[in-house]
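Here the structure is laid out as structure tokens; the discussion comes afterwards.
The values are calculated or read from the model by the stated rules, or taken from the named source; none is laboratory data. As the structure is a computational prediction, the values presented were derived from the model and not from experiment. Please note: Cβ atoms are built from the backbone with ideal geometry, for glycine as well, and neighbour counts cover all protein chains shown.
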Amino acid sequence: MSPALPSPLRSVGFRWLMLYRICTLLSYQVVAVTVGWHVYEITHSTLSLGLVGLAEVLPYFCVAPFSGYLVDHLPRRRLGAAACTLLAVNAGVLALIASGTLATQGTWPIYLAVAVGGAGRSFLGPIYNALFARVLQREQFPTGASMGSVVFQMGLVLGPALGGVLVGAFGKSLSYAAATVVALAAAGTLLAMPVTEPARTLQRGPIFASIAEGARFVAGNQIMLGAMALDMFSVLLGGAVSMLPAFIKDILHQGPEALGILRAAPAIGSIVIALWLTRHPLQRHAGRVLLLAVAAFGACTIAFALSRHLWLSCTLLVLYGMCDGVSVVMRSTIMQLVTPDEMRGRVSSINGIFVSSSNELGAFYDGVMARLLGLIPAMVLGGFVTLGVVGATAKLAPRLRRLDLRELQ
């Protein structure tokens, strides 16, 4: 980036966008920590933890293609505010369930509420990415993506920590209620954001043809598709975070406060690397750095599975997060640089499907594997599979391996 180019933080719209992002992340992460503890407290089953991820990802997959289309064709701020309101309603219902005000039996009402939240969450990423391109100059995208990653990871640090403290000190109901308030704050932030939106030029073609156009765009770009697939398969097969409630209780023998600490640890690592990347954006050899970072991510998963000490586990998850942070910044930068403005909603929704595949569907996969193999063997196997994914990507996506980000600017 040119030395004379102003910092993204000098843009008022960018600052409001970052506030929106941190509020949505805090709300979602507080709910995620509380739901995990809530379900495991009832069932004591790793499979039940995995079903939480499945309950969220299935409606996300169903809604995401249409959410991207709507973001490209409707006022983005009002659409995002409606999605944030849906998250608030979801968290409020969970608060009523946890307090006993809403009488339920078993865990199915919790899964149903999580499913509604998953549908609402499918709009958040496309809204963010579409507005990102409206508040920054193109030359600011790499630095802005790194700053956005810092804010994203701050939410992943503060949200789990806040959720763990609220559950441990005040109970599940108050934790859910706090998430409700923050989601409503995110909706208000979007409505107040000073940003111009492109003129609405609704396409006359069928909605499915428009969605397919976005899918073809992603499939035809080896660099974008390779980065998305690498992130998806590595986290889906080698992730460790979804099984933390079981790991805390059964291996480390700790409480919900320790769960909050370990959930926050990967985000701390990601913040460190994202801050470094704001001062030293990846340019030359960016593809090689990405592949090495994901390989190290797999190695950290193996080491974490074998740890039996809280602070060693925490340190390994910090390193795990640093490696994942490189992938997050790279994927976001590539997507912003190569996507036309009129397709940002649809392309972002496809990216969101990849991300949710790696996180929520990965949580279900982790639960099933832990049930079949045992918690520790499943984590170790996942780490080794991640190393295999890196090797396959390096071979099948040579343009990604040789990537120099200056070629995209």
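Some notes on this structure:
- The condition of being free of Cβ contacts under 8 Å to residues at least 24 places away in the same chain, out of contact with any Pro (no Cβ under 7 Å at 6 or more places or on another chain), of a type outside the set (Gly, Ala, Ser) and assigned to a helix (DSSP H, G or I) holds for only one of Leu387, Leu312, Leu337, Leu319, that being Leu312.
- When restricted to residues that are more than 30 Å from Leu375 (Cα to Cα) and not in a helix (DSSP H, G or I), the stretch 1-53 contains 8.
- Cross-chain or 6+ apart pairs with Cβ under 7 Å, the stretch 365-376 first and over 14 Å from Phe247 (Cβ atoms), then hydroxyl-bearing (Ser, Thr, Tyr) and assigned to a helix (DSSP H, G or I): Arg371/Thr46
- Of all residues in the stretch 360-383, those satisfying the criterion of being over 16 Å from Phe297 (Cα atoms) and of a type in the set (Gly, Ala, Ser) are Ala363, Gly367, Ala370, Gly374.
- Residue match in the stretch 2-25 (condition: modelled with pLDDT under 80 and touching an Asp or Glu at 6+ places or on another chain (Cβ under 7 Å)): yes
- Residue check for Arg308: among the basic types (Lys, Arg) and modelled with pLDDT of 80 or more: yes
- Residues satisfying the criterion are present in the stretch 291-303 (criterion: part of a helix (DSSP H, G or I) and touching a Lys or Arg at 6+ places or on another chain (Cβ under 9 Å)).
- Qualifying residue in the stretch 336-347 (condition: more than 21 Å from Ser48 (Cα to Cα) and at pLDDT 80 or above): yes
- The set of residues from the stretch 366-409 being surrounded by fewer than 13 Cβ atoms within 10 Å (Cβ to Cβ) and under 24 Å from Val57 (Cα atoms) comprises Leu372, Gly374.
- Residue check, Val318 closer than 17 Å to Val150 by Cβ, aliphatic (A, V, I, L, M) and under 16 Å from the mean Cα position of the chain (by Cα): no
- All positions within the stretch 94-114 that are assigned to a helix (DSSP H, G or I) and crowded, with 19+ Cβ neighbours inside 10 Å: Leu94, Ala95, Ile97, Ala98, Ile110, Ala113, Val114
- Count of residues meeting criterion [under 16 Å from Gly391 (Cβ atoms) and among the polar types (S, T, N, Q)] in the stretch 217-234: 1
- For the stretch 27-45, the candidate set comprises residues that are crowded, with 24+ Cβ neighbours inside 10 Å and polar (S, T, N, Q); within that set, the residue that is nearest to Leu184 (Cα to Cα) is Ser27.
- Test: residue in the stretch 197-211 that is at pLDDT 80 or above and in a helix (DSSP H, G or I): no
- Condition broken by Trp108, with the remaining ones in (1) free of Cβ contacts under 8 Å to residues at least 60 places away in the same chain; (2) in contact with a helix residue (DSSP H, G or I) (Cβ under 8 Å, 6 or more places away or on another chain) satisfied: (2)
- Of all residues in the stretch 57-65, at least one satisfies being buried (at least 23 other Cβ atoms within 10 Å of the Cβ), at pLDDT below 80 and either in a helix (DSSP H, G or I) or touching a Lys or Arg at 6+ places or on another chain (Cβ under 6 Å) (or both).
- The stretch 159-173: number of residues that are touching a residue at least 12 places away in the same chain (Cβ under 8 Å) and either more than 20 Å from the chain's Cα centre (by Cα) or surrounded by fewer than 16 Cβ atoms within 10 Å (Cβ to Cβ) (or both): 7
- For the stretch 276-298, the set of residues classified as more than 22 Å from Val157 (Cα to Cα), modelled with pLDDT of 85 or more and within 22 Å of the chain's Cα centre (by Cα) consists of Val289, Leu290, Leu291, Leu292, Ala295, listed by residue number.
- Matching residues, the stretch 234-265, being among the polar types (S, T, N, Q) and surrounded by fewer than 24 Cβ atoms within 10 Å (Cβ to Cβ): Gln254
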